[in-house]
There are 2 protein chains.
Amino acid sequence: MQRIVAAAIVAALAVSPVVAQPIEGKPTSAEILEATTADDWRALDPENTLYIETERGRIVVALSTGLAKNHVAWVKTLAREGFYDGLSFYRVIDGFVAQGGDPFLSHGERSAIADEFEDDVGKDFAFYRMKDKDGYARQVGFLDSLPVGYDKKHGRAWHLHCTGAIALGREDGRNTASTEFYVTLQPQRYLDRNLSVFGRVVAGMQHLQALRRVDPPEDPHDDLGERIVSIKVAADVPEADRSDLEILRSDSPAFDAYIEARRNRSDSFFYYRPDYIDVCQAPIPVRPVAN
Amino acid sequence: MQRIVAAAIVAALAVSPVVAQPIEGKPTSAEILEATTADDWRALDPENTLYIETERGRIVVALSTGLAKNHVAWVKTLAREGFYDGLSFYRVIDGFVAQGGDPFLSHGERSAIADEFEDDVGKDFAFYRMKDKDGYARQVGFLDSLPVGYDKKHGRAWHLHCTGAIALGREDGRNTASTEFYVTLQPQRYLDRNLSVFGRVVAGMQHLQALRRVDPPEDPHDDLGERIVSIKVAADVPEADRSDLEILRSDSPAFDAYIEARRNRSDSFFYYRPDYIDVCQAPIPVRPVAN
C-alpha cells in the first residue's frame, strides 16, 4: 500500500533481484478460480447447513457430509426444537474458542451423546489427500471441502480443529457431550480426536471473532456474554432469507490446482516459495451461488 | 459445560476407558506456570514495546530484540513523530490481516526501508529450538519468546507469521516497504521471508479481531475503517498508564517444560496425545508484572 520507492536503497541492494520472477506458465490461485466452471462448485445443501444468527450477523456452518453423523443429526434436532434460541456465547476466549449453549440447564436436562472423535472409515477412505506432511496426523486433506485427518493403518478419519471448526464440548470422560458447542477462533489441532467436530464455519467468521470476550460463568448471575438469536437448519428458513453459498469442490481438478498455487505462489510478489501448505492455512473458496 | 451423563450410553461404550489416564508424574502446563519463579519471566522493555491505541482498547506489541533491527528502529521513529496518530486500519480481511497506516500519503511522502526478510545470524544462532518438524522452515522455535525460523545451513533467521505478527507491507519489488504495517489475524506462514516481521502482539489481540472488516480503499473518499488513536513507544507513556506485562522467558527451563506439556497434555481430559505442537499453536504466557 506504499507507492514510494527510494531508488538509492534499491540500487544499493541490487544483489537481490529487484522484482521476483513469476513462475512462468503457472496460474495464480485467482486465475484458477476465474477459470472454474459450475461443476467445480457445490451449493451448500440447506438440509446440511446451520445458520447461527447473532446480533452481529449470520454465521453459516457447513455440516459434515460423511463423518460424525450422529452429532450432525443431534444438533439439527436441537436446532429444530429451537433449543439454542435466546441462549448465548458464554465462554469466548481470544485465540481459542467461542462456546455457546445452556450452561445452567435453563432449557432442562438433556441426555449425553456418544463421542464421535473419529469414524471407522476403513482403508479405502476417499478424500482429497494433500501431499504435505503434517505434525498431528498421518494424512490430511479435505472431505467435501472440510478439513480431515486420516489414519489409514487403523482406518480412522476425523475433522480437524482448523479455524471455524464446530464441535460439542464435553466433561472429563467419554460420552459426556450433550448440547454445549464451540467454534475454534484459531487452529487448535491438539483437540483433534479428543472432541467430536461435526462441521465448519464457511461464512460469518468475523462475527465470532468480534464477540465480546467472556470467561465461563460460575453461576447464572455472571456475565453470560452475547446472545445467540437462533440456530436454524437452513432448509427451515424461507428461501428468500437464505444465504445461498457454494464452495469449491475438493474433488474437482480446480481444487488441486488451487492448493498447488497456494503452496508455491507463482506471482512476482513472492521471493521465497515454501512448496508447502498447512492444511489449516488453505482458505477454501466460498462464494454466493451464481444465478 | 454439560453435567449430564447418560449412564446407558457410557456402559455401552465401555470398550474405551471412560476417563483417560493422566500421565503420571507429568505436570500440566498450568502446574508448570504455578511453579515458575520471577527469574522465569522477563518484563517487557518499555523501549522495545509499542502501544497501539484504538477506540476498542490497547494492543501491546513486543518488538523484536534481535532481528529486523532497522525496522524496529524505523517504526519507533515513526511512532515518536506521532506519524500513525489519527490514521486507521483501512484493510481488515477476516482470517488474514489488519493493515493500518497512511494509504493516501496524507502525512506526506516517506522514503522506503531496506527489507529485512531474514537476518544473517551465522551458524551458531542461539534460540529455543523446538524438536517439532515444520513444513515451512528447517528449524523453528523462539527468540526472546517470539517465534522464529532458522536455516542453519545458510545462517539465516526470521520471525514467523504466526497470529499477531507485525510487519511492514510492501509493493511488488524489493525494498519498497515504508510506513504501512499489518498484523496477522491467523497464521499466514506463506508470508515468511517475503516481508519483514519485526514484532508480535502480546496483549489486546481481541481488539484487532473485532475491527470492522474493510477492503482496501481505492481513494480517500472510500471507507477508511476504524481509527488508530495513536501508536506510541511504551517508554514515552507515563509510567502510571503503562501495561506492565511480563512474558515467560523462552530461555528458561520452565518454557521448555511448558512446551512439552502442550505437546502431550498430561491431564485426564485427553485421550489422544499427538507428541507434537505447531510453533504457531503454542500460546506464550504473558501476565501482569507481579509487584
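The values are calculated or read from the model by the stated rules, or taken from the named source; none is laboratory data. These numbers were taken from a predicted model, which means no experiment stands behind them. We place every Cβ from the backbone using ideal geometry, glycine too, and count neighbours over all the protein chains shown. These area figures cover heavy atoms from the full protein model, side chains too; ligands, DNA and RNA do not enter into them. Shrake-Rupley method; radii C 1.70, N 1.55, O 1.52, S 1.80 Å.
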Rounded to whole Hz and in sequence order, give me ³J(HN,Hα) for region B:148-159 from the Karplus expression 6.51 cos²θ - 1.76 cosθ + 1.60, θ = phi - 60°, writing x for Gly and Pro.
-> 9, x, 9, 10, 5, 4, 9, x, 10, 9, 7, 7
For chain A, the charge dipole (Cβ of Lys, Arg +1; Cβ of Asp, Glu -1; about the Cα centre) points to a positive end, and the Cα of A:G164, A:S243, A:A282 closest to that extreme belongs to A:A282
Between copies, how close do the A:G108 label points come, placed 7 Å along Cα→Cβ, listed in nm from shortest?
-> 7.1
May I have the convex hull volume per residue, in Å³, for the Cα set of chain A?
-> 176
Amide H contacts under 5 Å for A:K131, restricted to residues at least 5 apart in sequence or on another chain and with H modeled in the peptide plane, are none
Charge context of B:S64, other residues only, Cβ under 11 angstrom, K/R +1, D/E -1 | -1
Cα-based shape type of region A:216-288, given that a ≥ b ≥ c are square roots of the gyration tensor eigenvalues and the cut on a/c is 1.5 | oblate
How large is ³J(HN,Hα) for each residue in region B:227-237, as worked out from phi by the Karplus curve 6.51 cos²θ - 1.76 cosθ + 1.60 (θ = phi - 60°), to whole Hz, x for Gly and Pro?
-> 7, 8, 5, 6, 10, 10, 6, 4, 4, 8, 9
Taking amide hydrogens as modeled 1.01 Å from N in the peptide plane, which residues meet the under 5 Å criterion relative to A:A203, leaving out close sequence neighbours?
-> A:V60
Leaving ligands, DNA and RNA out of it, report the carbon-plus-sulfur percent of the accessible area of chain B at a 1.4 Å probe.
-> 49
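Once you have a ≥ b ≥ c as the square roots of the Cα gyration tensor eigenvalues for region B:68-178, tell me rounded if a/c is under 1.5, and otherwise prolate or oblate according to whether a/b is larger than b/c.
Details: a/c = 2.31, a/b = 1.83, b/c = 1.26.
The shape class here is prolate.
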Neighbours of B:D40 by Cβ distance under 14 Å: Lys/Arg at +1, Asp/Glu at -1, summed charge -4
Excluding ligands, DNA and RNA, what is the solvent-accessible area per residue of chain B at a probe of 1.4 Å, expressed in Å²?
-> 40
Among B:R189, B:R129, B:R174, whose mean-square fluctuation peaks in a Gaussian network model of chain B (Cα, cutoff 10 Å)?
-> B:R174
Beyond 39 Å, the calculated P(r) of the protein assembly as shown holds a percent of Cα-Cα pairs equal to 28
Ratio Rg/Rh [Cα only; Rh per Kirkwood] for region B:121-266 = 1.00
Got a sec? Which residues of region A:273-291 lose 40 Å² or more of accessible surface with every protein chain in place, vs. that chain alone, 1.4 Å probe?
-> A:P274, A:Y276, A:Q281
Calculated from DSSP helices alone, with each H run of at least 4 adding -39500 (n - 2.57) and the total divided by the residues of chain B, [θ]222 nm to the nearest 500 comes to -4000 deg cm²/dmol
Per-residue HN-Hα couplings for region B:245-260, Karplus 6.51 cos²θ - 1.76 cosθ + 1.60 at θ = phi - 60°, whole Hz, x for Gly and Pro?
-> 10, 10, 10, 5, 5, 6, 9, 9, x, 4, 4, 4, 5, 5, 4, 5
Across region B:9-148, qualifying lysine pairs (alpha carbons under 28 Å, at least 8 places apart or different chains) come out at 7
Long-range amide H partners of A:V197 with built H, under 5 Å | A:H159
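If you put +1 on each Lys and Arg Cβ and -1 on each Asp and Glu Cβ, how big is the dipole of region B:91-209 around its Cα centre, in Debye rounded to 20?
500
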In debye, nearest 20: dipole of the protein assembly as shown around its Cα centre with unit charges on the Cβ of K, R (+) and D, E (-)?
-> 1320
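What is the magnitude of the charge dipole of chain A about its Cα centre, with +1 placed on the Cβ of each Lys and Arg, -1 on the Cβ of each Asp and Glu, and no other charges, expressed in debye to the nearest 20? Present the calculation step by step, with values, prior to reporting the outcome.
Details: 34 positive and 45 negative charges, 191 e Å.
About 920 debye.
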What total accessible surface area, summed over both chains, is buried at the interface between chains B and A, computed with a 1.4 Å probe and given in Å² to the nearest 100?
-> 6300
Which of rounded, prolate, oblate describes region A:140-187, given a ≥ b ≥ c as roots of the alpha-carbon gyration tensor eigenvalues and a/c under 1.5 marking rounded, otherwise prolate only if a/b is larger than b/c?
-> oblate
